[in-house]
Amino acid sequence: MDEKPKLRAIDIVPVQFNGRPHLLLRDPLRLTDKMLLVSIQAGILLSLLDGSRTLREIQVDLMRLTGEFVMSDQIEGLINQLDDCFFLENERFREAMASAVASYRAIPFRPPLLAGTSYPSDDPSLRAMLDSFFDSPNGPGKPIGQKYSRPLKAIVAPHIDLVRGGVTYAWAYKDLAEAPQPDLFVILGIAHYPMKNLFAATTKDFATPLGIAQTDCEFIESLNRKCSFDLLEDEFMHRCEHSVELQVIWLQHLFSQVKIAPIICAGFEHVVEPWESPMSLNQVQEFVLAFRETLNQLGINITVIASVDLSHVGLRFGDQKPITPAVLKWIESEDKIFLERVANGDAEGMFSLIHADRNSRRVDAYPALYVMLKAISPIKGEVRHYDQSVEGQNESVVTFGAVVFP
């Protein structure tokens with residue numbers, strides 16, 4: 001065991017077990033399928049695993065914080081369990097990570113992550129599921145011919161699971177289906193795990209039950225050459241990131257063959273000084289300028305897809321109180337102001353809304369939206385749909401919307 005154990009970035013989800021609150025620990029990188037269920041009290045111990053304390057110091061701080069004396073072998077036992085699951089930032093984890101990266105680089109395409117869990121793993125069932133969202137009572141109806149004379153500039157669609165957000169996806173994709181198919185879809189997803197850089201691309205094709213979506217390596221390589229940082233350094237993060245995959249299946253369903261450029265974006269509000277623009281960050285400015293230049297220089301029709309969810313509020317996300325109707329109404333009001341600024345192409349105004357309160361609603365959409373709006377400015381769109389998915393017994397809520405830019 002390391003002298004000063006450090007917990008790495010993992011998913012910690014509040015759950016109920018035998019009628020009592022617990023914490024479920026799981027690996028977002030899927031280096032292992034193992035999960036740990038621990039008590040709420042153990043969460044205090046987890047918070048002390050920051051790499052600055054020895055086992056003895058952890059024991060002393062636990063006593064100070066809880067008033068209870070915990071035996072060292074109990075603490076060591078939990079730490080050993082964490083280590084067995086690769087949840088600690090140590091040499092064992094780094095070796096497992098290096099092996100996973102090497103394996104990913106060796107395969108010819110990115111395999112589907114969610115097939116058979118979040119959506120059906122066979123072609124007919126998946127297509128039937130996607131079609132059903134158009135025909136839902138709240139859906140937009142099936143696409144009917146071509147409404148537009150040229151490809152759309154961009155759309156905003158959710159990346160929440162299809163069961164909860166399928167109708168909102170359909171509102172975004174109906175317009176896309178009623179426009180001519182572009183030569184390339186650039187998909188801007190969200191990184192749900194920390195990366196070395198703020199942006200990561202991949203040159204791998206994407207496999208789904210509907211076939212293989214070809215990645216435009218020329219676009220990715222051209223974009224990468226214009227950045228001082230390596231867009232492919234964090235390529236492995238695409239392996240377990242769902243936000244691009246969920247757009248690919250819609251594109252494959254609506255168009256016979258598609259070419260994509262998959263990019264995921266990390267959050268940056270925590271490193272932008274109050275009231276400053278994200279363009280003050282070197283990587284953001286570099287990527288926006290490189291993205292804009294690459295879009296303009298290739299001489300092909302390109303549609304950008306921003307794969308984004310909005311607010312994440314409630315007990316599951318660390319808030320202390322459950323969701324009430326008044327809270328839902330407030331979130332809806334704030335989200336709709338946010339979406340209107342997106343539709344107006346106002347990247348700075350959109351970012352200022354969340355930056356003013358340090359993103360208290362945990363809007364994970366903004367990095368993809370910000371760079372999209374800056375790169376293809378000026379742009380004007382329309383909000384097509386908005387929805388909220390309340391989880392559990394009003395414990396938490398995730399929100400999402402659809403915006404189209406003709």
Please go through the stretch 360-371 and pick out each residue that is touching a residue at least 40 places away in the same chain (Cβ under 8 Å) and more than 11 Å from Leu310 (Cβ to Cβ). Pro367, Ala368, Tyr370, Val371
Boolean, His253 is surrounded by fewer than 22 Cβ atoms within 10 Å (Cβ to Cβ), touching a Leu at 6+ places or on another chain (Cβ under 7 Å) and within 23 Å of Ile300 (Cβ to Cβ): yes
Just a yes or no: is a residue in the stretch 135-156 in a helix (DSSP H, G or I) and either out of contact with any Gly (no Cβ under 8 Å at 6 or more places or on another chain) or without any contact (Cβ under 8 Å) to a residue 40 or more places away in the chain (or both)? yes
Can you tell which of Asp83, Asp27, Asp61 is closer than 25 Å to Tyr193 by Cα, among the acidic types (Asp, Glu) and surrounded by fewer than 17 Cβ atoms within 10 Å (Cβ to Cβ)? Asp83
What about Ile190, is it touching a strand residue (DSSP E or B) at 6+ places or on another chain (Cβ under 9 Å), at pLDDT 95 or above and surrounded by fewer than 21 Cβ atoms within 10 Å (Cβ to Cβ)? no
Out of all the residues in the stretch 80-130, which are among the β-branched types (Val, Ile, Thr) and part of a loop (DSSP other than H, G, I, E, B)? Ile107, Thr117
Odd one out for Met237, checked against (1) more than 30 Å from Ser103 (Cβ to Cβ); (2) assigned to a helix (DSSP H, G or I): (1)
Out of the residues in the stretch 283-319 that are of a type in the set (Gly, Ala, Ser) and more than 19 Å from the chain's Cα centre (by Cα), which is modelled with the lowest pLDDT? Gly299
Are any residues in the stretch 48-85 closer than 12 Å to Leu7 by Cα and at pLDDT below 95, and if so, which ones? none
Which numbered condition Leu373 misses (of (1) in contact with a strand residue (DSSP E or B) (Cβ under 8 Å, 6 or more places away or on another chain); (2) part of a helix (DSSP H, G or I)): (1)
Out of Val327, Val404, sole residue that is under 15 Å from Pro158 (Cα atoms), at pLDDT 95 or above and hydrophobic (A, V, I, L, M, F, W, C): Val404
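Results for (1) buried (at least 19 other Cβ atoms within 10 Å of the Cβ); (2) touching a Lys or Arg at 6+ places or on another chain (Cβ under 9 Å), shown as yes or no for each residue.
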{"site": "Glu286", "(1), (2)": "no, yes"}
{"site": "Glu293", "(1), (2)": "no, yes"}
{"site": "Val308", "(1), (2)": "yes, no"}
{"site": "Val327", "(1), (2)": "no, yes"}
{"site": "Ser333", "(1), (2)": "no, no"}
{"site": "Ile337", "(1), (2)": "no, no"}
{"site": "Asp357", "(1), (2)": "no, no"}
{"site": "Val363", "(1), (2)": "yes, no"}
{"site": "Lys374", "(1), (2)": "yes, yes"}
Is there a residue in the stretch 280-293 that is part of a loop (DSSP other than H, G, I, E, B) and more than 30 Å from Ala128 (Cα to Cα)? yes
In the list Gly349, Gly401, which residue meets the criterion of being of a type outside the set (D, E, K, R), outside any helix (DSSP H, G or I) and under 30 Å from Arg292 (Cβ atoms)? Gly401
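The values are calculated or read from the model by the stated rules, or taken from the named source; none is laboratory data. Treat the numbers as computed from the prediction; the structure is a model and nothing was measured. When we count neighbours, we look across all protein chains shown, and the Cβ atoms used for this are built from the backbone with ideal geometry, even at glycine.
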